[in-house]
Amino acid sequence: MQQYDLYLNARKPAIGLYVASGAKLPDFADPKEWLFDGTAAADLLPPSVIEGVASAGHAFRDMD
């Protein structure tokens, strides 16, 4: 099963950024601003996250 790494924005923890497990952060994301928060299996995520990662290599999610 596909897994996804979650990063939270250090300044705005309500913003999550998902990438495929083991993938690096996208070029636009400053690594100093994002904190690794774990890995989740595809069946625990909304379809929009999976589709976003598949099409763009990353997906944002409102964590509130």
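The values are calculated or read from the model by the stated rules, or taken from the named source; none is laboratory data. In this text the structure is predicted, and so the values were computed from the model without any measurement. In this analysis, Cβ positions are derived from the backbone assuming ideal geometry, glycine residues included, and neighbour counts consider all displayed protein chains. We work out accessible area using only protein heavy atoms, side chains counted, and drop any ligands, DNA or RNA first. Shrake-Rupley method; radii C 1.70, N 1.55, O 1.52, S 1.80 Å.
Over the C-alpha trace of region 7-50, radius of gyration and Dmax come out as 10.6, 29 angstrom. Per-residue ellipticity at 222 nm from helix content only, as computed over the chain with -39500 (n - 2.57) for each DSSP H run of at least four residues, stands at -4500 deg cm²/dmol.
Given a 1.4 Å probe, how much area per residue of the chain is accessible, in Å²? Provide the component values of the computation, followed by the final result.
Values: 4120 Å² over 64 residues.
Accessible area per residue, the chain: 64 Å².
Relative to the longest principal axis of the C-alpha atoms of the chain, give the angle of the C-alpha long axis of helix 47-56, reported between 0 and 90° and rounded to the nearest 10°. With rounding to tens, the tilt is 70 degrees.
Considering only protein heavy atoms and a probe of 1.4 Å, how much of the accessible area of the chain is carbon and sulfur, as a whole percent?
On the way: 2190 of 4120 Å².
It is 53 percent, rounded to a whole number.
For the peptides 3-14, 33-44, the ranking by mean Cβ contacts within 10 Å, running from highest to lowest, is 3-14, 33-44. Between residue 36 and residue 2, the distance separating the two model label sites (each 7 Å from Cα on the Cα→Cβ line) works out to 2.1 nm. Taking every protein chain into account, the 1.4 Å probe leaves residue 53 with about 20 Å² of accessible area, to the nearest ten.
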